[in-house]
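Rule-based calculations on the coordinates, nothing more; no lab input. Source: prediction; values computed, not measured. Every residue, glycine among them, receives a Cβ derived from its backbone with ideal geometry; neighbour counts consider all protein chains shown.
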Amino acid sequence: MNDSNSIFVLEKACTVHLKPEGEICNRLQKGRQVHLVQRKGSWAKITWRNGKKKGWVDLGLKDKA
């Protein structure tokens with residue numbers, strides 16, 4: 001397994017997008033284990049199903065400005 005990826009479990013159901021604020025391509029249920037690949041603001045690029053599936057999810061984190 002690649003050590004550069006962080007593994008976490010989704011606490012709520014979410015939609016997966018092709019790119020940040022882009023078209024919805026999938027939905028993930030609560031409890032799905034995903035690998036965090038990249039962060040961009042409140043968006044995170046994730047993979048699941050051993051890297052076969054990938055996309056962007058909005059984690060809802062607000063940057064304090």
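Using modelled amide H (1.01 Å from N, peptide plane; none on Pro or chain starts), what sits under 5 Å from the amide H of VAL37, excluding residues fewer than 5 places away?
LYS45, ILE46, THR47
Compute the label zone of LEU18 within the range 24-65: residues whose backbone N is under 12 Å from the point 7 Å along Cα-to-Cβ.
24-26
If you plug each phi of the range 54-59 into the Karplus form 6.51 cos²θ - 1.76 cosθ + 1.60 with θ = phi - 60°, what whole-Hz ³J(HN,Hα) values come out, in order, with x for Gly and Pro?
Result, ordered by residue: 8, x, 10, 10, 8, 7 Hz.
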